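In what follows, a structure is listed as structure tokens, so that the remarks can point back to it.
Each reported figure results from applying straightforward, stated rules to the coordinates on display, with no laboratory input. The shown structure was predicted, so the numbers you read here are calculated from the model rather than taken from an experiment. We place every Cβ from the backbone using ideal geometry, glycine too, and count neighbours over all the protein chains shown.
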Amino acid sequence: MERNIGFKERRYIEELRILTKSTALDCVIDDRFDRVIYVIRPGDMGLAIGKKGENIKRLTNVLGKRIEMVEFSETPDMFITNVFKPAEVKTVEHSPENGPVNVFVRQKSDLGIAIGKAGCNIEKARLLCHRFFGIEIGEVLLAQEAA
């Protein structure tokens, strides 16, 4: 999938690199929810977050927006699992003929976490999955509903 990174996004990625010494593959500025979403290189997540989240707090103060980070993965299913963390994703069900992908979580409490307040987490998943893999996210369901 081809992604365009603008000047502002490049500046935010460089700011992350300077403050945390970690590498971001991509940055999405989401004005709707007033946040910046970083896609972090695999293995750099701990470095990006910092001890007790101090790097995220510093970055929030510098940029003036809420910071969210997702660890990149080469496989779409693992990437979707990473996007929905800390909710525990049980399975990712692909529809035939490139239809939307349904995500199943283990517990009822994970359902609320996966959707997020005002749908912000599912919107993040839709943005990133479309941007990286061209996948549409359908519904987030409880695992028992599949039976």
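Which of S73, S95 comes first, and how do the rest follow, when ranked by fewest Cβ neighbours within 10 Å?
Taking fewest neighbouring Cβ atoms as first place, the list is S95, S73.
In nm, give the distance between the simple-model label positions of H94 and K21, each being 7 Å from the Cα along the Cα-to-Cβ direction.
Once both label points are built, they end up 3.9 nm from each other.
Compute the helix-to-body angle for 54-63: its Cα long axis versus the longest principal axis of the chain, expressed 0 to 90° and rounded to tens.
That helix lies at roughly 70 degrees to the long axis.
Would you mind ranking T81, T75, T20, T91 by Cβ crowding within 10 Å, fewest neighbours first?
By the 10 Å Cβ count, ascending, the order reads T75, T91, T81, T20.
Would you list I113, I135, I56 from fewest to most Cβ contacts within 10 Å?
I113, I56, I135
Give the angle, between 0 and 90 degrees and rounded to the nearest 10, that separates the Cα long axis of helix 120-133 from the longest principal axis of the Cα atoms of the chain.
Relative to the chain, helix 120-133 is tipped by roughly 90 degrees.
Using Cα atoms only, what is the angle between the long axis of helix 7-20 and the major principal axis of the chain, expressed in degrees (0 to 90) to the nearest 10?
Rounded to the nearest ten degrees, it is 80.
Within the chain, what's the longest stretch lacking GluC sites (Glu not before Pro) that sit in DSSP loops with no more than 14 other Cβ atoms inside 10 Å?
Between exposed loop sites, the widest span is 3-73.
Of the beta bridges DSSP finds with both residues in the stretch 76-146, what % are antiparallel, to the nearest 5?
Antiparallel bridges make up about 50 percent of those DSSP assigns within the stretch 76-146.
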